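The values are calculated or read from the model by the stated rules, or taken from the named source; none is laboratory data. Computed from a predicted model, the values in this text were never measured in an experiment. We place every Cβ from the backbone using ideal geometry, glycine too, and count neighbours over all the protein chains shown. Calculation scope for accessible area: heavy atoms of the full protein, side chains included, ligands and nucleic acids excluded. Shrake-Rupley method; radii C 1.70, N 1.55, O 1.52, S 1.80 Å.
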Amino acid sequence: LARLHCDDQVRPSYVREAFRLLRKSIIHVETEDVTFDEPDEFEDPPEDDFGANEGGMDESGGQQENEGNAPPPAEAAGNDAEEPSGADEQSKPPKAKKAKKKKKTQISFEEYESISNAIATYLRSRESETEETEGKESEEDKEAEEAEQSTYLTWGQVVEWYLEQCEAQIGDSLDELSRLRKLTNLVIRRLVKVDHVLVVIGDGDVPELERKLAVHPNYVVGA
């Protein structure tokens, strides 16, 4: 700035202006946390005892009023037959299922990126090893078929592999093991359904943990 103003001295005003321009030119890239929506859960509402108690009071009250002059059995039967069934239906509380709020699990973007990169890198390395093996001539076709079948891991195998990598972090804590297992499943589900980093190979109608996974051909690992 001193040169811009053709000044031989660097003045404090030049320093402050240079600092302001430099700070303004730096772009801060902020990434939001990753939030996972867990599957919906339903529960039956608690039984409403008010209607049942109210019905019991009506019945007891009717018995007390009719103790002195009880109608003949035939007349009582006729009155019961003439009563509309709508009152009984209204007294019963509706048995509707109440939806719970969706449980949400939130992790930092850095942790999500760490898990997804580890899984994608491992699966891509297995695919690369298989391609190299297929390029070489094999003496027995049976061995080649077995190698091809073992290329793609199932969803459950990927989860177990990642948990083995976190063995030091888990230690002897069952709670940490359960937390990481749940988190890994949520990350894989997002990689398949949202980010499309992973694709399902073969039959997609099998249970989730039995589906075979592969890295999308257009995805660049570590990019």
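Residues of region 181-223 that are of a type in the set (S, T, N, Q) and surrounded by 12 or more Cβ atoms within 10 Å (Cβ to Cβ): THR184, ASN185.
Of everything in region 190-203 that is farther than 13 Å from ILE119 by Cα and part of a strand (DSSP E or B), the residue that is nearest to the chain's Cα centre (by Cα) is VAL200. Search region 1-35 for residues being in a loop (DSSP other than H, G, I, E, B) and of a type in the set (A, V, I, L, M), and hand back the single one that is modelled with the lowest pLDDT. So the residue we want is VAL29. Against the list (1) touching a helix residue (DSSP H, G or I) at 6+ places or on another chain (Cβ under 7 Å); (2) at pLDDT below 80, the condition GLU38 fails is (1).
The residues on offer are VAL206, VAL221, VAL187, and the sole one that is hydrophobic (A, V, I, L, M, F, W, C), in contact (Cβ under 8 Å) with a residue 60 or more places away in the chain and assigned to a loop (DSSP other than H, G, I, E, B) is VAL221. Within region 167-180, restricting attention to residues that are surrounded by fewer than 16 Cβ atoms within 10 Å (Cβ to Cβ) and touching a helix residue (DSSP H, G or I) at 6+ places or on another chain (Cβ under 8 Å), the residue that is nearest to GLY156 (Cα to Cα) is GLU176. LYS104 passes every criterion in (1) at pLDDT below 90; (2) open to solvent by less than 100 Å² (accessible area, probe 1.4 Å); (3) under 15 Å from the mean Cα position of the chain (by Cα) apart from (2). For region 209-218, taking the residues that are assigned to a loop (DSSP other than H, G, I, E, B) and over 18 Å from the mean Cα position of the chain (by Cα), the one that is nearest to LEU153 (Cα to Cα) is identified as HIS216.
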